[in-house]
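The values are calculated or read from the model by the stated rules, or taken from the named source; none is laboratory data. Note that the structure is a prediction, hence the values are computed from the model and not measured. Cβ sites come from the backbone with ideal geometry, for glycine too, and all protein chains shown count toward neighbours. Accessible surface areas use protein heavy atoms only, side chains included; no ligands, DNA or RNA. Shrake-Rupley method; radii C 1.70, N 1.55, O 1.52, S 1.80 Å.
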Amino acid sequence: MPLETDTTNWSGEGTFTQLLIERLREIDAVRFVRIEDAPATRSEADYNFISNELFVGFATVDREEPIKRFGIFPGSRTVAKPAMTLAALEAVLTALPDVGAPDYGDEGMLQYLRAERIVPPYQTRGYKLVELVRIYEVGTPRRY
């Protein structure tokens, strides 16, 4: 099943974000990616700060689980479990040489921060481009 990508709320900015999307397309367990611009994005004369959020949905695997009805009658039910977790995704992305390990990661989010100096042609002063990308799993319960 091909990867479904939703870019309706994304401006298309961010070269590292585009690289992540390309790499996520190569992972079989990833079924859905939604990309959104985060409200923290801003631009000044000497720097640009781009903040993007990726929401990833994984393929599911059905598994039969034994249960007891009314505490005595044996039975089974089908349970859908994700084929990959965010921790497994972190391990796969860390193994890729052009992506690497996230700067921060926990059970609910992976965060990458990339910075580069851009010097446009015919100008003496450049600007700093800072790109922050956060990856969340779709359908995870909120943690308070």
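Can you tell me which residue in the range 90-101 is most open to solvent (accessible area, probe 1.4 Å), limited to those that are touching a residue at least 24 places away in the same chain (Cβ under 8 Å) and within 14 Å of the chain's Cα centre (by Cα)? Steps first, please.
The first filter runs over the range 90-101 and keeps only residues touching a residue at least 24 places away in the same chain (Cβ under 8 Å), leaving 92-93, 96, 98-99.
After this cut, where a residue has to be within 14 Å of the chain's Cα centre (by Cα) as well, the list is 92-93, 99.
On the way: Val92: 54, Leu93: 0, Val99: 5 Å².
Per the stated criteria, the residue is Val92.
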Hits in the range 20-39 - residues which are open to solvent by less than 50 Å² (accessible area, probe 1.4 Å) and more than 28 Å from Lys81 (Cα to Cα): Ala38
Residue by residue through the range 53-86, note down the ones that are among the aromatic types (Phe, Trp, Tyr) and at positive phi. Phe70
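Those residues that are of a type in the set (Asp, Glu) and surrounded by 10 or more Cβ atoms within 10 Å (Cβ to Cβ), I need them from the range 60-83; list them, please.
Our first condition is that a residue be of a type in the set (Asp, Glu); within the range 60-83, this holds for 62, 64-65.
Scanning the range 60-83 gives a single hit, Glu65.
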Tally up the residues in the range 114-128 that are surrounded by 15 or more Cβ atoms within 10 Å (Cβ to Cβ) and modelled with pLDDT under 85, please. 1
Evaluate the following for Ala87: is it open to solvent by 60 Å² or more (accessible area, probe 1.4 Å) and without any contact (Cβ under 8 Å) to a residue 60 or more places away in the chain? yes
Do you know which residues across the range 4-19 are closer than 22 Å to Leu86 by Cα and acidic (Asp, Glu)? Glu4, Asp6
Tell me, which residue of the range 102-113 that is closer than 21 Å to Thr15 by Cα and not in a strand (DSSP E or B) is most open to solvent (accessible area, probe 1.4 Å)? Asp103
Contact list, first residue from the range 1-21 and more than 15 Å from Val56 (Cβ to Cβ) and free of Cβ contacts under 8 Å to residues at least 40 places away in the same chain, second anywhere and assigned to a strand (DSSP E or B) and of a type in the set (S, T, N, Q), beta-carbon distance below 9 Å, six or more apart or interchain, is Ser11/Asn52; Glu13/Asn48; Glu13/Asn52
Residues (within 23 Å of Gly108 (Cβ to Cβ) and β-branched (Val, Ile, Thr)) located in the range 18-68: Ile21, Ile27, Val30, Val33, Ile35, Thr41, Ile50, Val56, Thr60, Val61
May I ask you to say which residue of Val61, Val99 is part of a loop (DSSP other than H, G, I, E, B) and β-branched (Val, Ile, Thr)? Val99
